[in-house]
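Working notes, structure below.
The values are calculated or read from the model by the stated rules, or taken from the named source; none is laboratory data. Not measured: the values here are computed from a predicted model. Here the Cβ is made from the backbone with ideal geometry for all residues, glycine too, and neighbour counts use every protein chain on show. Remember, those area values only see protein heavy atoms, side chains included, never the ligands or the DNA or RNA. Shrake-Rupley method; radii C 1.70, N 1.55, O 1.52, S 1.80 Å.
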Amino acid sequence: MGLPGLRAAAGALRRACGPWTPHLGPRLLCLHSMAGNGEAPMPVGTKQEQNKKARSGWQGPTRIWEETEQQAKKLKSSEDGEQQRKLPKRKIVLLMAYSGKGYHGMQRNVGSSKFKTIEDDLVLALVRSGCIPENHGEDMRKMSFQRCARTDKGVSAAGQVVSLKVWLIDDILEKINSHLPSHIRILGLKRVTGGFNSKNKCDARTYFYMLPTFAFAHKDHDSQDETYRLSAETLGRVNRLLACYKGTHNFHNFTSQKGPHEPSARRYILDMFCEEPFVREGMEFAVIKVKGQSFMTHQIRKMVGLVVAIVKGYAPESVLERCWGEAKVDVPKAPGLGLVLERVHFEKYNQRFGHDGLHEPLDWAREEAEVTAFKEQHIYPTIISTERQERSMAQWLSTLPVHNFSATAHAAAGLGTKAPSSLEGSDGVGDSD
């Protein structure tokens, strides 16, 4: 083909395909195969062929470019989603501290927005921080979520531990906490084995109960006297009574959910004692600590309530021995305000995995200072201010005279005590108090 023939072919291409666009290149390749007889290639896009394409909905090279652009966007979106899915999703535990005032316990009440719980705020923060997908927040089983203890309405925690599977994003603790209120904090995170379950692997739980010491004043003393100070003699008697709970006993009288013949009513208490009192804002307080394998609903509050009733002179010491028997004993339940889950224990897990070179022991020694600071900033002040404003302990003490500590089951029922609802953290097998 000579030069004139090439020029003619180029002109035909320009007329058929449109002008060249530098940043896109030629819009459409429209050459047929070169004929073997040496003739110039014939231009494509005759009027008859263009009419046929128009009838079929073909819109030319512009549509080709738009579809290509859309595919590129879809590909980019797919790549972003794939990158998120490729983030490590691992089983971890979170160390939590929270003030329970204003919440209906720890455990989430699925389908109920009226009764707000600690887990409602936690799950929302996990979703917003990008640790879990949104559908995991709707169904917590998808992230294998489990808590060590179901704390009741108004009960706080300084060392709650939950286990779950998350995406290990950068700065994960800071991001979760940025979406939580100041009275709920995540203080620590550790990797655990894939089959770890915080409730099942927990060997023991330690709670403390903070109360004004005028609760131990004799019944003839003014029950609201803030100037009362606990004597060493009275503190010694309190600790002697608390020590009676140690060991394995049938605690069916310390919960409304168990009968005397139910095996699960038998619980093992490792230790229980009252610490030296201290003064805050002119009022003296004391802290009772109890460590046990697990606790039934309201068990700790009833254990404290009975000792208070004995020390004040409303009940004889012999009532403790009768509580272990089959007969129903009317045991008063102390207010929930002062109860705090202090720490949970994983001795067996730590012995097996804590020093295997892959996992850390779950002892939280490094986080101890933050735990103490949270108690001083959020838990103790809430208990003290609420006690001053609502007088919950003083009001409860005024009800002790109506209790009959030699009552049968029928007499106790006449006092109008009711079984706790599920919204109060009842789970029937403990770990909730």
How many residues does the range 265-294 hold that are in contact (Cβ under 8 Å) with a residue 60 or more places away in the chain and over 20 Å from W324 (Cα atoms)? 10
From the list K165, K201, K175, which residue is open to solvent by 20 Å² or more (accessible area, probe 1.4 Å) and in a strand (DSSP E or B)? K165
So if I check each of A365, A369, which one is among the hydrophobic types (A, V, I, L, M, F, W, C), out of contact with any Lys or Arg (no Cβ under 8 Å at 6 or more places or on another chain), assigned to a helix (DSSP H, G or I) and without any contact (Cβ under 8 Å) to a residue 24 or more places away in the chain? A369
With respect to A334, is the statement that it is in contact with a Leu (Cβ under 8 Å, 6 or more places away or on another chain), of a type in the set (A, V, I, L, M, F, W, C) and either at pLDDT below 95 or in a loop (DSSP other than H, G, I, E, B) (or both) true? yes
Condition check: hydroxyl-bearing (S, T, Y) and at pLDDT 95 or above. Does T213 satisfy that? yes
Counting only residues in the range 233-267 that are in contact with a Lys or Arg (Cβ under 9 Å, 6 or more places away or on another chain) and open to solvent by 40 Å² or more (accessible area, probe 1.4 Å), the one nearest to V308 (Cα to Cα) is identified as S256
Consider the range 283-298. How many of its residues are in a loop (DSSP other than H, G, I, E, B) and within 12 Å of T213 (Cα to Cα)? 0
Checking S385 against (1) part of a loop (DSSP other than H, G, I, E, B); (2) free of Cβ contacts under 8 Å to residues at least 24 places away in the same chain; (3) at negative phi, only one condition comes out false. Which one? (1)
